[in-house]
Structures are given as structure tokens and as C-alpha cells.
Amino acid sequence: MSTIIGLTGNEAVAEAMRQINPDVVAAYPITPQTELMHKFADFVANGKVDTEMILVESEHSAMSASVGAAAGGARAMTATCANGLALMWEIVYIAASLRLPIVMAVVNRALSGPINIHNDHSDSMGCRDSGWIQIYSENSQEAYDNTIMAVKIAENKDVLLPVMVTLDGFILSHTLERIEILDDKQVREFIGEYIPQNHLLDINHPVTIGPLDLQDYYFEHKRQEAEAINNALEVVEEVSFEYSRLTGRNYDVLELYRMEDAERAIVALGSTAGTVKFTVDSLRENGEKVGMIKLRLFRPFPYKEIYEALKNVKSFAVLDKCISFGYGGPVYGEIKSALYNYQAFIPAVNYIYGLGGRDIKPTSIKKVFDELKHITKEGVNGKLIHYLDVRE
Amino acid sequence: MKEKGWKEIPIGGTIVEPGNAVEYKTGSWRTFKPIWHKDRCIHCLICWMYCPDEAIIVENGKFVRFDYDYCKGCGICANECPEKANAIEMVLDRKI
């Protein structure tokens, strides 16, 4: 049974956390994540969860406390964004390399400077090489659903890696939406009991976690980590399928929107996917063969799936809410390399957009689809990287 | 010790066998090796007190031998051995 209620994105994730009932949550406030932990702290104060909540003095400590808790066999969660995530940086890598299945909500916000509190993806994209699984949410319902699925993905014995669930700051975090909530019992049955392996509080089997690892074994441990995150692709598919059966909401590593006969496509992630869908619908009414691919899973990157999704289009554009200075959009780079793996050449351009929370409107999406008409006809003549809605 | 492959070892570098450092024969690090001159030793056991690797084996209150499995050849024992006894000599353990 599910209940329909109105929640903001932050409240939806906090609600998922209440149902998950983690053993330990460590938190430090940062806009626009603050409200998420504020709400969860209410649950703790009102005895709605059994969680040990640790209020720490910085995000570096929030992740350190999560690592300590997870190493002690606890189901640990936290949340942050932007500069907070940047301050966590050192421990973010350690969480993954120690193979601790921590789940963290990242309420995407621009990473300074100049200082800005609004949404783009520069914070989580900066973590792409850290060994964390990354799942992007289009709306608050997805943020709720992804948080629950993340626990099961992280704790899978073939994975055992931390998972970052992202939702766009303010656009989702502070916007009230209609959300379908599962029963507490359903969530607890779905995620199951966490049975940690080799943890510090198992006094009958003492272990050492995080010892010095030099030239003789460090590389082998990194090789294991690479294998684990590759395993995660299939596990994400399995867990998403299982969740779909429970909720009727279908999830996969990608979402294809009106792609059956699409000649032009846009690849997007996060809340912008909703705006692109709206634009696709209106262009489809005029008979234009356009579609959208939403990338739900960014790490591990679904190379084969993205190739399969794009192989029949005549041109496409990748929207990146982040810039890798000196290159372009990080998603664009991955998708081009996916096509190279399958020896496919499809004209493709990159649009950097929405940095620092610049609004993205259907009219702008339409401009991209219009540009793709020229690219279909004439190929890419000129620049590959474009900046959408920036003033000259 | 044969080094294991990535599929054979616990994940994340966790050490799951307590006390397994004993399997790591750090004596292989040695460049200089201490030699015990039994005839000069007065069994004061100052070497035993100073040895950072517990590589001086004592039985019934007397120096018996070096444990070369773990002696890294630091030479502290030879340095601390009373001058008048001078019972420990450092010699080159291998070709450099």
C-alpha cells in the first residue's frame, strides 16, 4: 500500500531515511541540504527512528563519522552538497576504497566560486572518479525511490560501495511535489537487514580496517574496487526491477522518452529531463521526430546501454550542468567515448547550461533541437561545445 | 611469501586474521647483520631492552640468539652493547 502526500525533495529523502531507519546518521548543515537533515533530526528527536545522530563540526567529520560507523558494521547515511562535498573529498575516496556501503544524498549545488547556492552538477561530477555509485533523480519521487534503492545496491555483496543519490538543489529540494510513499514495513522488507562482513565491533573476529597498503597490494585492492563498481551496473538493474514490481514505477539505468523513431535526441540528467520531456511532447505534436534519453546512472557509466539507445539517431546533443574546464561537459565526454567503443559515429554536440542555477526553459531546449536539424543535414561544422543561454 | 592475486584477498585492504604480522618476515629488509660473540657476552640484556623488533631471544635470563626472521639489522643492539663487552658486531649481510 502506498500513501500520497505532498513533500519537498528534501522532505522526501528525509522520509525515505526515516523508513530506512539507519543505525547512524552524521550531518553538518549546508544550503540547500540543511532542511533535509533538519527534517530527519525531527524524526530522531520525536523517537520515530532508532538512529544515533551525530552532529559534527564539518563535512570532513560528517564523512569521517559515517566511515567510522560503517566500519563498525552500522548502516550509515549522510547528506551534503557543493562546498560541503568538497570538504569531504579526502574521506569520500576512503569510504569507497574501504568498501563501506554508505548512502549519501547530494542536493546538487554549484561549487564555488564566485559563491553561489543554486543548482548545477559541478559538486557531484567532481566526485566521478571517487569510486562512489552515482544515481541522478529527475524529481522528488525519484529522489525518494532512489534513496531506498541505494541502500540495497550499496549493500549487495558483489558491490559493497557507497552510493550518492543526487537531487537538484532548490529545483527539487525546496519544491513541493506529489509523492507516493511506501509503507514502512514494505521499505524495511525491501532493504532487508544489513549483515555487515568483517566489521570492527565483531569482537570474536577482530579485524584491522584501513591499514597501510603499499606497492605490493594497493593495486590489487584498486582492481577489486574497479570490479565492484562494474558489478554495480547489473545490481542497479536488478534492484530497480525489483523495486518496479513493488511500486509500479519503472526504473532502469537509462530512461528512453519517445525514442522509438526519434531522429534527433537530447541526453540529460536530473530535473532538466522533465523540461526536455515537456519540449519533446510539444515538438512531437508538430510531427518532429525528437526524443530524450535520461541518464539515471552516471557511475558506473552504462556504455552499452547508451550506445543502444543512441545508435539509430541522426544527431544528438548532450546537456551538461557542469563544466570540466579545458574539456567541456563530463557527460558529453563519456557518451562520445561510449560510441567510440562500438565504432559508431553520430554527429553530437554539447550544451553547457544552467550553471549556478540559471533557469532552463522549454524555449531553450527547443533551440537545441532546432540546431540538431542543421547538424543532421550538414554535420557538425564548427564548435562542439556550446553555452546555452549565456549572454555574449 | 607468494603474493596473492586480487580475487584471493579480503576486500578494501582489511586484515581479517589478527596477529598475522608475524607472517611478514621483516628480516628480509636487512643490509647489516648482527653477529653475537658468545665468549664476550656478559648477558646484561641491554640489547634485549633496546631491540625494537623483539629479535633478541632470551632463555633463562641469558642471551641465546638473534631472531633473524625479524631482525632488520638496525644495529641498535651493537651500539648499546657495553663497550667493555663489545659482544655484537655488525657485518654486511648481502651484496649491495
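The values are calculated or read from the model by the stated rules, or taken from the named source; none is laboratory data. Quick caveat, the model's predicted, so the values are computed rather than measured. Neighbour counts run over all protein chains shown; Cβ positions are idealised from the backbone, glycine included.
The condition of being out of contact with any Pro (no Cβ under 8 Å at 6 or more places or on another chain), assigned to a loop (DSSP other than H, G, I, E, B), aliphatic (A, V, I, L, M) and crowded, with 19+ Cβ neighbours inside 10 Å holds for only one of A:Ala105, A:Ala16, A:Ala74, A:Ala110, that being A:Ala110. Based on what the data block shows, is A:Asn350 at pLDDT 95 or above, more than 28 Å from A:Asp123 (Cβ to Cβ) and either surrounded by 22 or more Cβ atoms within 10 Å (Cβ to Cβ) or out of contact with any strand residue (DSSP E or B) (no Cβ under 8 Å at 6 or more places or on another chain) (or both)? It is false that A:Asn350 is at pLDDT 95 or above, more than 28 Å from A:Asp123 (Cβ to Cβ) and either surrounded by 22 or more Cβ atoms within 10 Å (Cβ to Cβ) or out of contact with any strand residue (DSSP E or B) (no Cβ under 8 Å at 6 or more places or on another chain) (or both).
Answer yes or no as to whether A:Ser282 is touching a residue at least 40 places away in the same chain (Cβ under 8 Å), closer than 30 Å to A:Val318 by Cα, among the hydroxyl-bearing types (Ser, Thr, Tyr) and more than 14 Å from every other protein chain (Cβ to nearest Cβ). Taking the combined requirement at face value, the residue satisfies it. Taken over the range A:77-95, the residue count meeting the criterion of being crowded, with 24+ Cβ neighbours inside 10 Å and either charged (D, E, K, R) or touching a Ser or Thr at 6+ places or on another chain (Cβ under 6 Å) (or both) is 2. Within the range A:88-102, restricting attention to residues that are part of a loop (DSSP other than H, G, I, E, B) and within 12 Å of another protein chain (Cβ to nearest Cβ), the residue that is nearest to A:Gln19 (Cα to Cα) is A:Pro101. Of all residues in the range A:20-66, those that are assigned to a helix (DSSP H, G or I) and under 20 Å from the mean Cα position of the chain (by Cα) total 9. So, of the residues in the range B:1-51 that are of a type in the set (D, E, K, R) and more than 14 Å from chain A (Cβ to nearest Cβ), which turns out to be farthest from B:Val64 (Cα to Cα)? The residue in question is B:Arg30. Residue count for the range A:314-356 under the criterion of being in contact with a helix residue (DSSP H, G or I) (Cβ under 9 Å, 6 or more places away or on another chain), over 15 Å from A:Leu111 (Cβ atoms) and among the hydroxyl-bearing types (Ser, Thr, Tyr): the result is 6. For the criterion of being farther than 30 Å from A:Leu254 by Cβ, without any contact (Cβ under 8 Å) to a residue 60 or more places away in the chain and either in contact with a strand residue (DSSP E or B) (Cβ under 7 Å, 6 or more places away or on another chain) or not charged (D, E, K, R) (or both), A:Ser58 passes. Selection of the range A:256-315 for residues being of a type in the set (Phe, Trp, Tyr) and either more than 30 Å from A:Ala226 (Cα to Cα) or in the same structural domain as A:Trp132 (by TED's automatic domain parsing) (or both) yields A:Tyr257, A:Phe278.
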